[in-house]
Structures are given as structure tokens and as C-alpha cells.
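The values are calculated or read from the model by the stated rules, or taken from the named source; none is laboratory data. Computed from a predicted structure; not experimentally measured. Here the Cβ positions follow ideal geometry from the backbone for every residue, glycine too, while neighbour counts run over all protein chains shown. SASA here: full protein model, heavy atoms, side chains in, ligands and nucleic acids out. Shrake-Rupley method; radii C 1.70, N 1.55, O 1.52, S 1.80 Å.
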Amino acid sequence: MRAYGLHKQVDSPEGPLQLLTDIELEVAAGGSLAIIGASGSGKSTLLGLLAGLDRPSGGEVWIDGQPLGELDEDGRAALRGRLLGFVFQSFQLLPGLTALENVMLPLELAGQGGASERARELLDRVGLAPRARHYPAQLSGGEQQRVAIARAFAAAPRLLLADEPTGNLDSRTGARIIDLLFALNAEQETTLVLVTHDDGLAHRCDRRLELAAGRIIGVH
């Protein structure tokens, strides 16, 4: 993944508001990058641009050699379906599906066989095998987050983007999820890009990119 000269500007009642300015980054295949910074620094905005969920006002994002700017919305969605997993801060689980069915969904959409077995394996790895038949409303916030992480890894994505993946977890469960993220990163050679306030998670990554007021102020 590469990003060059990324800018994001939106209109506001007070005039144009610059959310991101001149962002450049590169993450090697199988590598890991933590995006850190204070609230409002532009971390989640940047993650959305990297995933093609939003378009930049300037600059370009490349994934697997493909510039996202050359794709329409359907093309970006198709690329995400093939290559990306995404862990949203708000979980984005489908309320009418059980935990098992939520994890199975990306496998079924991709036409892959063995969806149930793969989903059960991942739920077991995040410690939720006994909750497989429960619906999101019957799960705690931390349990929903673990389902979301299992779903993100279900189709063995080449790139996983996560917005505060341990933000809704207690310290013990958070540590378990961090270990799982990096175990799957190693097993599947998945590239990880994580927005986090968790110092333990950030320091596990190969590099840390720090933002302030929409600009890169440090790479560690």
C-alpha cells in the first residue's frame, strides 16, 4: 500500500476545512503500521481514504498496484471485497445475523466453501465459540468487537485496516486480540494498518506514523 500527497478538504459554515495535508506513506506487504495521534488529528479520516471508503481532495492511494482514483465506487467496493478486511470502531455487525453468520458473510459473498467451519474456527480463536448463535444485541461491546475482528480476517485479506481494534476491550481481552492480530498477520502475511491509542499495540507494529492537525509530525 502506498499513499502520495493525500489531501482532504471539506466545506464548513466558516469556509473550507483542511482535514489532511500532504500525507505520504508506504507499507510493505506483510508489514504493519500504527497511525497515532490525539483525537481530531485525522487518523480515522486517513484510514477511510486508505480503504477507498472516501475520496481524497488530492493525491492518490495505491493498493496492490491499483490506483484507487481510477476506480468508481463499484470498482473500489470490488477491490475491497477481494483484498481488504476492515474493523470499524462501531463494529458494523448486521443485527439480524448471529455472530457465526456475521463472520460467515464475507466468505459466502466471495463464494468460498467451508464458510461455517472457517467462521467457527475464528470465533474460537477470539474466545467466542460459546456465543456463536447469539445476535449482536445479546453481546457486550467487547464481544461485538471480537466478532468484527473475526469477520475481518475471515476471507484471509491481504490488507487489514482497523480503527481502534482494542478500544472497546478490557486490558486482558485487548492483549489477547493484539496477539491474535499479529499471529494472523504472520500466518497469512496480512498487511496491517491500525489506528490506535493503545501504546502496547502501536509498539508491536513495524512503524508508527504520528498525526497532528492533519499532518504527519513523526514516523517512528
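Of the residues Gln112, Gln144, Gln92, the one that moves most in a GNM of the chain with alpha-carbon contacts below 10 Å is Gln112.
With R₀ fixed at 45 Å, the C-beta to C-beta distance from Ala175 to Gln18 puts the FRET efficiency at about 0.75. Between Glu189 and Ala137, the contour length at 0.36 nm per residue exceeds the alpha carbon distance by 15.4 nm.
Report the local net charge at Trp62: Lys and Arg +1, Asp and Glu -1, summed over other residues whose C-beta lies under 11 Å from its C-beta. The partial results should precede the final answer.
Values: positive: Arg2; negative: Glu26, Glu60, Asp64, Glu70.
Net charge in that neighbourhood comes out at -3.
Amide H to amide H distances under 5 Å link Ser32 with Leu192, Asp206, Arg207, where only residues 5 or more positions off or on other chains count and H is placed in the peptide plane. Relative to its residue count, the range 85-125 spans a Cα convex hull of 77 Å³ per residue.
The 3J(HN,Hα) values that the Karplus relation (6.51, -1.76, 1.60; θ = phi - 60°) gives for the range 14-26 are, in residue order, 8, x, x, 10, 8, 8, 9, 9, 6, 8, 10, 7, 8 Hz. Gly and Pro appear as x. With θ taken as phi - 60° and the Karplus curve 6.51 cos²θ - 1.76 cosθ + 1.60 applied, the whole-hertz 3J(HN,Hα) list for the range 32-40 is 9, 9, 9, 9, 10, x, 5, 4, x Hz, x standing for glycine and proline. Heavy-atom accessible surface of Asp199, to the nearest 10 Å², is about 110 Å², with a 1.4 Å probe and all protein chains retained. Taking the accessible area of the range 70-163, probe 1.4 Å, and keeping the other protein chains in place, the carbon and sulfur fraction comes to 50%.
A crude spin-label estimate for the pair Gln92 and Tyr4, with each label 7 Å from Cα along the Cβ direction, gives 2.7 nm.
Under a 5 Å amide H cut-off, with hydrogens placed 1.01 Å from N, Gly58 pairs with His7 among residues at least 5 apart or on other chains.
Hey, what D do you get for the range 66-220 in µm²/s if you plug the Kirkwood alpha-carbon radius into Stokes-Einstein at 37 °C and 0.692 mPa s? Intermediate results must be reported in sequence, preceding the final value.
Values: Rh = 16.2 Å.
Translational diffusion coefficient: 202 µm²/s.
For Ser39, the solvent-accessible surface computed with a 1.4 Å probe is close to 100 Å², ligands and nucleic acids excluded.
Working note: Cα atoms of the range 1-83, range along each principal axis, descending, whole Å: 40, 28, 19. Working note: Karplus 6.51/-1.76/1.60 with θ = phi - 60° gives the range 152-162 the couplings 5, 8, 4, 8, 6, x, 7, 9, 10, 10, 9 Hz, where Gly and Pro are set to x. Close amide H pairs (under 5 Å, H built 1.01 Å from N) link Gly85 with Leu159, Leu160, Leu161, residues at least 5 positions away or on another chain.
Note on Arg207: accessible area approximately 90 square angstrom, rounded to 10, probe 1.4 Å, nucleic acids and ligands left out. Across the range 66-220, C-alpha contacts under 8 Å between residues 6 or more apart give a mean separation that, scaled by the residue count, equals a relative contact order of 24 percent.
May I ask for the percentage of alpha-carbon pairs in the range 93-152 that lie more than 13 Å from each other? Within the range 93-152, distances greater than 13 Å cover 51 percent of Cα pairs.
Could you give the accessible area per residue of the chain, probe 1.4 Å, as a whole number in Å²? Walk me through the intermediate numbers first.
Values: 10300 Å² over 220 residues.
On a per-residue basis, 47 Å².
The long axis of helix 99-109 is offset from the longest Cα principal axis of the chain by roughly 60 degrees.
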